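Quick notes on the structure that follows.
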Amino acid sequence: MHRRISVNEVCFPALPLTEKIAWWRKAGIDRVGLASLYRGEGGWPADLQLVQDAGIEVGYLMHARMYHVD
């Protein structure tokens, strides 16, 4: 996969992070974006470490808006 392409975690809504990582590795995906709405009990630090330990780069982080705009 081209170095500038990253895959958004939102494309895999039903999978736990460990299964997403396995799928990404199998597909040759080496750069992803992570979304706050999928963080587990360990939160960002634990999930970032899991992804990085798998040799996958985290290209960006997504967070839902924190307030309502009228």
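The values are calculated or read from the model by the stated rules, or taken from the named source; none is laboratory data. Only a predicted model underlies this, so the values are computations on that prediction, with no experimental measurement involved. Every residue, glycine among them, receives a Cβ derived from its backbone with ideal geometry; neighbour counts consider all protein chains shown. Heavy atoms of the whole protein, side chains included, go into the accessibility calculation; ligands, DNA and RNA do not. Shrake-Rupley method; radii C 1.70, N 1.55, O 1.52, S 1.80 Å.
Taking trypsin sites (Lys or Arg not before Pro) across segment 1-66, the ones in a DSSP loop with at most 13 further Cβ atoms lying within 10 angstrom of their Cβ are 3, 4, 65.
The chymotrypsin sites (Phe, Trp or Tyr not before Pro) found in the chain that occupy coil by DSSP, while having at most 11 further C-beta atoms within 10 Å, are 67.
Rolling a 1.4 Å probe over the protein chains gives residue 37 an accessible area of about 120 Å².
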